[in-house]
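One structure below.
Coordinate-derived values only; no laboratory data. What you see is a predicted model, and the numbers here were worked out from it, not measured in a lab. Because the Cβ atoms are built from the backbone with ideal geometry, glycine has one as well, and the counts that use them run over all protein chains shown.
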Amino acid sequence: MSWRELLPPWLVIVAGLTGIVLLCVSTKDVPVAPLRTKYGIVLDAGPSRTILFIYQWTTTKANKTGVIRGCSSCPVQGPGVSSYSGSPQKAGKSLEPCLNWAQNEIPAEQHSQTPLYLGATASMRQLNLTHPVLSDSLLAALTGTLKSSPFNFQGAQILSSPEEEAFNWVAANYVLENFFKYDWQGQLVPSRNGMAGVLAVRRTSAQLTAELEEEQQAPEEGVRLQLYGQTRRGHTPHLPCEALGCQCPLLLLFVLFCLQDQRSAKTVSNPCWPLTYSQEVQWQSVHTGPCAATDDTRDIPGPKEVFNITGSSNPRACMNLMQSLLNSSSSSSCSFFKPSVSSGLKPPQTKLLVVSEAMDFLRGTAPSPDLGQAVQRLCGMSVKELIRESQASLDTLVDYCTVSAFIFHLSTRGYTLDFDQPAWTAFQKMGDRSSGWTLGYLLSLTSSIPQDSPSFLKGIEPGVWSLLLILFVVLLMGSFLRISYRVMAKESSSSHRNSSVFDD
């Protein structure tokens, strides 16, 4: 056998061995994160109703925290869970239709892996303070129903006011991309935006939450959260008046001020309420706790004395009365208006995103670049006009004027308030129209939810890949040329043999 016949097999052997060596020496395991969608369920047990939220995120996390991309919700039929204090089992039963809906929304194979949480807020906090036994029985009934579902129940708890507002703050900054943002390549990168403060003003409370500076020590009201590889410290200052904090609602404080301003009358005018609207109020229901803080003890009514409060629909008087309230001794001691230097939070220097149903209503019904004019227009609306503009209850609608006047006066006291609320638009795009605390709550919990183990692929360096490509191309070309040469040689030999036969 000549060397020409031995050369091609040896070339194939050498090329094959070279390829094997390169693949074994230069390859490495490359982790590939699974792109499976995960789900989480949070039930918001609020004062007037309960809503079940389903959040979605991919199993890939950003610095150990989930990136939530979608939300759907199911409003539970009936009142808030605290209304079932007389029959706790009905509270658990009321959740079943929405739990059944969630089973259809989430793939069956993921039911057992889907965490389920319930958080109760304002009304349950109050019930827990006044009737802790009833509160415990309600939570037990809710827990029983949730445990019987196919989901991975993680617990039911009553959130403190600072916790609720801290999760609101997390949610608002998340949708504003203040934690991270996407670069032009679609990759998650840390955001250079500062954290926005959040001013949540509701009928029952007004709370301000912002981030503490790194060098400042977190006070007791602070909430420490581990998010996207960084420790965030949201601070909700303790305010002795719930309107301005935690224990006495804003609207109750305002009604008390009206009563004290017109203490000799049995029928009291409320300029922030529309005409024809009225309520009967017992003195002891408003003159309690921090709401009763006053040095003036003249002509204090008896605890059982009843007053008829009627609306007079006087926008200018309403604005003036709110200003007098904020200047009075009943609110001057509240840290909302005199931020403590030691608290670490200086609201006048903090941009505050305003979260308020009243402001949402105001923008839709009385839009104006001048907030003061818009508030006065809202405060002049009649009962019929209010009902025509919204499906909310009348008792809720009539208080929007008071809440809006409160927010307006904050804007005149050095607070930088953001009324455009881009966060609200972002919440709507994601499907969470409630703009509640549930998103922030689940974000803070995703760090403890296990991430799926990544699969691995074999990878090689670009230079080695190019070398192997050239090697195998040369090998294929050489094999093709060798086959062509053998075919041509065989045909030539056959032709030569045939010509010799004919010559004979």
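Extension gain for L394 to V474 (0.36 nm times residue separation, less C-alpha to C-alpha distance): 20.4 nm. For the stretch 120-161, a Kirkwood hydrodynamic radius built from all Cα pairs, placed in the Stokes-Einstein relation at 4 °C and 1.567 mPa s, yields a translational diffusion coefficient of 119 µm²/s.
Report, by chain and number, residues whose modeled amide H sits under 5 Å from the one on N152, excluding near sequence neighbours (fewer than 5 apart, same chain). Under 5 Å from the amide H of N152: T114, L116.
As a rough footprinting exposure proxy, the listed residues D370, D360, D399 were ranked by other beta carbons within 10 Å of their own, and the order from fewest upward is D370, D360, D399. Which trypsin sites (Lys or Arg not before Pro) does the stretch 81-133 hold that lie in a coil by DSSP with at most 10 other beta carbons within 10 Å? Here no loop site has a sparse enough neighbourhood. Taking amide H as placed 1.01 Å from N in the peptide plane, G70 has its amide H under 5 Å from the amide H of Q56, each at least 5 places away in sequence or on another chain. Extension gain, S48 to T130: 0.36 nm times the residue separation minus the Cα-Cα distance gives 27.7 nm. Amide H contacts of Y277 (H built 1.01 Å from N, in plane; Pro and chain starts excluded): G311 sit under 5 Å, all sequence-distant by 5 or more or on other chains. Ordering T267, T209 by the number of other Cβ atoms within 10 Å of each residue's own Cβ, fewest first, gives T267, T209.
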